[in-house]
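The values are calculated or read from the model by the stated rules, or taken from the named source; none is laboratory data. Quick caveat, the model's predicted, so the values are computed rather than measured. Note that each Cβ is placed from the backbone with ideal geometry, even for glycine, and that neighbours are counted across all protein chains shown.
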Amino acid sequence: MKPCLPPFACRRLVLLTALLLGAVKAAGAADALPTAEIAPGVFVHQGQQQVWSHANAGDVANLGFVVGSQCVAVIDTGGSPQLGAALLAAVRQATPVPVCYVINTHVHPDHLLGNQAFAALEPRPRFVGHARLPASLSARAPFYRDALQRELGVELAAEGVIFPEVLVDDRHELDLGGVRLTLRAWPTAHTDNDLSVQVGERGPIFLGDLLFAGHLPVIDGRLLGWLEVMDALDTLDLELAIPGHGAPSADWKVAMAVQRSYLLGVRDGVRAAIDAGTPIAETVEALAGAGVDNWLLVDEFHRRNLTAAYAELEWED
Amino acid sequence: MNTLRSLLLAAALALGASGASLAQQPNADDPEASTSWQQVRNAMFPGRSITSPAEAIISIEAPDRAQDAAIVPVSIRTHVEQRAERYIEKVYLVIDNNPSPVGAVFHFTPASGRADIETRVRVDAYTHVRAIAQMNDGELFMATRFVKASGGCSAPPGKDMTAAMASLGKMRFRVDGDIEAGKPALAQLMISHPNNSGLAMDQLTRLYTPAYFVRRVQVSYAGEPVLSADVDFSISENPNFRFYFLPRGEGELKAEVIDTNDLKFETVLSVAPK
């Protein structure tokens, strides 16, 4: 997930972006997004560690696809239809096997606004998401479309926001032909609709934004719930994990520990402020510099996290 | 529907259900240039003069950029003693570019002690946020702040809709520190409520979810009204108000809340000044 800088902050980069987009259009079809095959048949495109903006054309989240003998499953589609098309081009470059499934790990626009590029395929793939994704996306889609227009200059019709039709409320398996995916719907954590995608018995696992590496974690669900989900993830014995933002890693438990340390710092700082009767705005200012060393995008997300944590924790018993 | 709500609705309709155009970037430097404000002004205060800025009477604090569009803290401070002969009777909170710009009308009395109010609002777009004080003689004073909408991922709807419904109607009062008779005391009222706008469409049924929000809050101390508010879905999920009251002797602080389904919630707190 990624808010953006205001448009005027990006203006000097607009020309460059226009040139890039022009190059994409001139090629007739979108240029393929660069991907790495991190395990056999498992491809990952690593998004930039930036906010969703004109300058990066919405390419800020990790995207991927898994290739079986019968089917490809795409996992997250990027922050714009154009980016989705570039991901589709990467799939086409890797394999002629048809895309049967498009899985969204959660509602945020940098992971899902590329869906439209896959909806046009014949036969149309099935779109898969958490059982609570449709409600959340319904409520947010108008704002995401406005933000896409405001931040990236891309118009997207209401029908261009593609909703899942396969809904997962606990676990769900998809057979790609020789490769089995296990999808797991989590209780409210980063958002209220986080879905993980595990490949085979030993991974890799796509964690969506349940794990951030480098990029500051963003609370848009429930801080305490997220900590609980992380406890459950820590029990998984898997070789490789792909965070929603940052590098895929075999040391993903270390990345989890770093994320936990940040979230615990937010929890404890905000709790203490609430106990002391400090109002929300003053709390956010007082903690604006706390526990953020070595993270990227602190200015964009830390205050926001403190705000969300305060609104959640003030209801603790 | 009372007159006020008719006015609010008229103002909302005048602007169209989707609020002001996002393409038309509002001018941060000129609060009067806002077309939605001109419409609200004509509907709510026709032909009346409004003094602005009016720092000796009223000021407003809000972040320059909405960090989280669903929870934008707004703090309105007043600088007038609430005396029987001269006091602030109402404070209007207006968020120009929200679908329903008049987010709240707070009513105060001399028993309020001070007409300060702090709450959290949703901000849909780049917008001026205004606090307009109406004195008991009808005179109007206004403070404004410009708030930039937050980025792409932050949206005004809440974070966990299922959880919001599960704890519906839970309320909390909080009064910190020692209470002294005759000295304005700060209180906080928290209301667990999804407070949704009803502007989201269910993709399966193609129906809009009905708006469901807290519409009236009434707080009394020892039977005397200290704060009442007509509010709507511009107020964040789990509406939260910090305000003052003037304690005199032992008494109960009592809050009554009514939502758009006419559900009523109540909470009380005993207060014993030193």
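For the stretch B:73-179, list the strands (runs of 3 or more DSSP E) that sit wholly inside it and hold at least 1 residues that are among the polar types (S, T, N, Q) and over 30 Å from residue A:136 (Cβ atoms); which are they? Working first, answer last.
Working: elements: B:88-95, B:102-108, B:117-121, B:127-135, B:140-147, B:171-175.
Because the criterion is at least 1 residues that are among the polar types (S, T, N, Q) and over 30 Å from residue A:136 (Cβ atoms), the strands (runs of 3 or more DSSP E) in the stretch B:73-179 that meet it are B:127-135, B:140-147.
Could you tell me which residue of the stretch A:103-131 is nearest to residue A:70 (Cα to Cα), considering only residues that are surrounded by 23 or more Cβ atoms within 10 Å (Cβ to Cβ) and more than 14 Å from the chain's Cα centre (by Cα)?
Checked the stretch A:103-131; the qualifying residue nearest to residue A:70 (Cα to Cα) is A:128.
Which members of the stretch B:198-208 meet the condition of being in a loop (DSSP other than H, G, I, E, B) and within 8 Å of chain A (Cβ to nearest Cβ)?
Looking only at the stretch B:198-208, we keep the residues that are in a loop (DSSP other than H, G, I, E, B), and these are B:198-200, B:202-207.
Within the stretch B:198-208, B:199, B:200, B:202, B:203, B:204 qualify.
Give the stretch B:241-254 a look and list any residue that's crowded, with 24+ Cβ neighbours inside 10 Å and either modelled with pLDDT of 95 or more or under 14 Å from residue B:191 (Cβ atoms) (or both), or say none.
Residues satisfying the conditions are B:243, B:245.
Among the residues of the stretch B:220-236, are any part of a strand (DSSP E or B), surrounded by 16 or more Cβ atoms within 10 Å (Cβ to Cβ) and free of Cβ contacts under 8 Å to residues at least 60 places away in the same chain?
Yes, because at least one residue in the stretch B:220-236 is part of a strand (DSSP E or B), surrounded by 16 or more Cβ atoms within 10 Å (Cβ to Cβ) and free of Cβ contacts under 8 Å to residues at least 60 places away in the same chain.
Scanning for something within 14 Å of chain B (Cβ to nearest Cβ), more than 19 Å from the chain's Cα centre (by Cα) and of a type outside the set (A, V, I, L, M), does the stretch A:226-237 turn up at least one residue?
Kept after step one, since they are within 14 Å of chain B (Cβ to nearest Cβ), are these residues of the stretch A:226-237: A:226, A:228-229.
If we keep only those that are more than 19 Å from the chain's Cα centre (by Cα) as well, we get A:228.
Okay, now just the ones that are also of a type outside the set (A, V, I, L, M), so A:228.
Yes: the stretch A:226-237 contains one or more residues that are within 14 Å of chain B (Cβ to nearest Cβ), more than 19 Å from the chain's Cα centre (by Cα) and of a type outside the set (A, V, I, L, M).
Residue-by-condition table, conditions (1) touching a Pro at 6+ places or on another chain (Cβ under 8 Å); (2) under 17 Å from residue A:302 (Cα atoms); (3) assigned to a helix (DSSP H, G or I); (4) among the aromatic types (Phe, Trp, Tyr):
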| position | (1), (2), (3), (4) |
| --- | --- |
| A:206 | no, no, no, yes |
| A:211 | yes, yes, no, no |
| A:220 | no, yes, no, no |
| A:228 | yes, no, yes, no |
| A:237 | no, no, no, no |
| A:247 | no, no, no, no |
| A:254 | no, no, yes, no |
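Identify, by number, the condition in (1) in a strand (DSSP E or B); (2) closer than 19 Å to residue B:112 by Cα; (3) touching a residue at least 60 places away in the same chain (Cβ under 8 Å); (4) more than 12 Å from chain A (Cβ to nearest Cβ) that residue B:266 doesn't meet.
(2) is the only condition that residue B:266 fails.
For the stretch B:203-218, does any single residue satisfy the condition of being touching a helix residue (DSSP H, G or I) at 6+ places or on another chain (Cβ under 9 Å) and modelled with pLDDT of 95 or more?
Checking the stretch B:203-218: at least one residue is touching a helix residue (DSSP H, G or I) at 6+ places or on another chain (Cβ under 9 Å) and modelled with pLDDT of 95 or more.
Being within 11 Å of chain B (Cβ to nearest Cβ) and either surrounded by fewer than 17 Cβ atoms within 10 Å (Cβ to Cβ) or of a type in the set (Lys, Arg) (or both) is the filter here; which residues of the stretch A:282-315 pass it? Write out each step before concluding.
Going residue by residue through the stretch A:282-315, those that are within 11 Å of chain B (Cβ to nearest Cβ) are A:282-285, A:288, A:297, A:299-312, A:314-315.
Listed by number, the residues that qualify are A:282, A:285, A:288, A:299, A:303, A:304, A:315.
In the stretch A:248-258, which residues are touching a helix residue (DSSP H, G or I) at 6+ places or on another chain (Cβ under 7 Å) and touching a residue at least 24 places away in the same chain (Cβ under 8 Å)? Spell out the reasoning first.
Step one: filter the stretch A:248-258 for residues touching a helix residue (DSSP H, G or I) at 6+ places or on another chain (Cβ under 7 Å), giving A:249, A:253, A:256.
Residues satisfying the conditions are A:249, A:256.
Hey, can you tell me all the residues within the stretch B:244-263 that are farther than 22 Å from residue B:82 by Cα and part of a loop (DSSP other than H, G, I, E, B)? Spell out the reasoning first.
Narrowing the stretch B:244-263 to residues farther than 22 Å from residue B:82 by Cα: B:256-263.
Passing the criteria: B:260, B:261, B:262, B:263.
Which one of the conditions (1) farther than 24 Å from residue B:163 by Cβ; (2) in contact with a Phe, Trp or Tyr (Cβ under 6 Å, 6 or more places away or on another chain); (3) of a type in the set (Gly, Ala, Ser) does residue A:189 fail to meet, given that it meets all the rest?
Of (1) farther than 24 Å from residue B:163 by Cβ; (2) in contact with a Phe, Trp or Tyr (Cβ under 6 Å, 6 or more places away or on another chain); (3) of a type in the set (Gly, Ala, Ser), only one is false for residue A:189: (1).
Only residues in the stretch A:164-188 that are of a type in the set (S, T, N, Q) count as the first member; pair them with residues that are not in a loop (DSSP other than H, G, I, E, B), Cβ under 6 angstrom, at least 6 apart or cross-chain, and list the lot.
From residues that are of a type in the set (S, T, N, Q), the pairs are A:182/A:173; A:182/A:198; A:188/A:225.
Given A:165, A:159, A:155, which one is surrounded by fewer than 18 Cβ atoms within 10 Å (Cβ to Cβ) and under 22 Å from residue A:89 (Cα atoms)? Lay out the reasoning, then the answer.
On the way: A:165 fails: under 22 Å from residue A:89 (Cα atoms); A:159 fails: under 22 Å from residue A:89 (Cα atoms).
From the options A:165, A:159, A:155, the qualifying one is A:155.
Can you tell me which of (1) modelled with pLDDT of 90 or more; (2) closer than 30 Å to residue A:160 by Cα; (3) among the hydrophobic types (A, V, I, L, M, F, W, C) is the one residue B:175 doesn't meet?
Result: residue B:175 fails condition (2) only.
Criterion first (of a type outside the set (S, T, N, Q) and closer than 22 Å to residue B:160 by Cβ) does residue A:224 satisfy it? So that I can check it myself, show each step before the final result.
Numbers: of a type outside the set (S, T, N, Q): yes; closer than 22 Å to residue B:160 by Cβ: yes.
Yes: the conditions hold for residue A:224.
Identify the residue in the stretch A:43-52 that is assigned to a loop (DSSP other than H, G, I, E, B) and surrounded by fewer than 24 Cβ atoms within 10 Å (Cβ to Cβ) and, among all such residues, is farthest from the other protein chains (Cβ to nearest Cβ). Let's see the steps before the verdict.
Residues of the stretch A:43-52 assigned to a loop (DSSP other than H, G, I, E, B): A:46-52.
Retained after the next criterion (residues that are surrounded by fewer than 24 Cβ atoms within 10 Å (Cβ to Cβ)): A:46, A:48-50.
Numbers: A:46: 19, A:48: 14, A:49: 15, A:50: 11 Å.
Looking at residues that are assigned to a loop (DSSP other than H, G, I, E, B) and surrounded by fewer than 24 Cβ atoms within 10 Å (Cβ to Cβ), I get A:46.
Is at least one residue of the stretch B:213-221 under 30 Å from residue B:245 (Cα atoms) and within 9 Å of another protein chain (Cβ to nearest Cβ)? Explain how you work it out, then say what you get.
Taking the stretch B:213-221 and keeping what is under 30 Å from residue B:245 (Cα atoms), we get B:213-221.
Retained after the next criterion (residues that are within 9 Å of another protein chain (Cβ to nearest Cβ)): none.
So far as the stretch B:213-221 goes, no, none of its residues is under 30 Å from residue B:245 (Cα atoms) and within 9 Å of another protein chain (Cβ to nearest Cβ).
Would you pick out the residues in the stretch B:54-71 that are more than 12 Å from chain A (Cβ to nearest Cβ) and surrounded by fewer than 14 Cβ atoms within 10 Å (Cβ to Cβ)?
B:55, B:56
When the residues of the stretch B:135-156 are narrowed to those that are within 17 Å of the chain's Cα centre (by Cα) and within 13 Å of chain A (Cβ to nearest Cβ), which ends up nearest to residue A:61 (Cα to Cα)?
Per the stated criteria, the residue is B:156.
Scan the stretch B:165-197 for residues that are small (Gly, Ala, Ser) and more than 10 Å from every other protein chain (Cβ to nearest Cβ) and report the count. Write out each step before concluding.
In the first step, residues of the stretch B:165-197 are kept if they are small (Gly, Ala, Ser); the result is B:166-167, B:169, B:177, B:181-182, B:185, B:187, B:192, B:197.
Keeping just the survivors that are more than 10 Å from every other protein chain (Cβ to nearest Cβ) gives B:166, B:169, B:181-182, B:185, B:187.
Going through the stretch B:165-197 one residue at a time, the tally reaches 6.
Is it the case that the stretch A:203-216 has a residue that's away from chain B (no Cβ under 14 Å), without any contact (Cβ under 8 Å) to a residue 12 or more places away in the chain and either of a type in the set (Gly, Ala, Ser) or surrounded by fewer than 22 Cβ atoms within 10 Å (Cβ to Cβ) (or both)? Steps first, answer last, please.
First, the residues of the stretch A:203-216 that are away from chain B (no Cβ under 14 Å): A:203-207, A:210-211, A:213-214.
Now narrow it down to the ones that are without any contact (Cβ under 8 Å) to a residue 12 or more places away in the chain: none.
For the stretch A:203-216, residues away from chain B (no Cβ under 14 Å), without any contact (Cβ under 8 Å) to a residue 12 or more places away in the chain and either of a type in the set (Gly, Ala, Ser) or surrounded by fewer than 22 Cβ atoms within 10 Å (Cβ to Cβ) (or both): absent.
Among the residues of the stretch A:53-98, write down those that are assigned to a loop (DSSP other than H, G, I, E, B) and either surrounded by fewer than 20 Cβ atoms within 10 Å (Cβ to Cβ) or away from chain B (no Cβ under 14 Å) (or both).
Filtering the stretch A:53-98 for residues assigned to a loop (DSSP other than H, G, I, E, B) gives A:53, A:57-62, A:68-71, A:76-80, A:95-98.
Of everything in the stretch A:53-98, those that are assigned to a loop (DSSP other than H, G, I, E, B) and either surrounded by fewer than 20 Cβ atoms within 10 Å (Cβ to Cβ) or away from chain B (no Cβ under 14 Å) (or both) turn out to be A:62, A:68, A:69, A:70, A:71, A:77, A:95, A:96, A:97, A:98.
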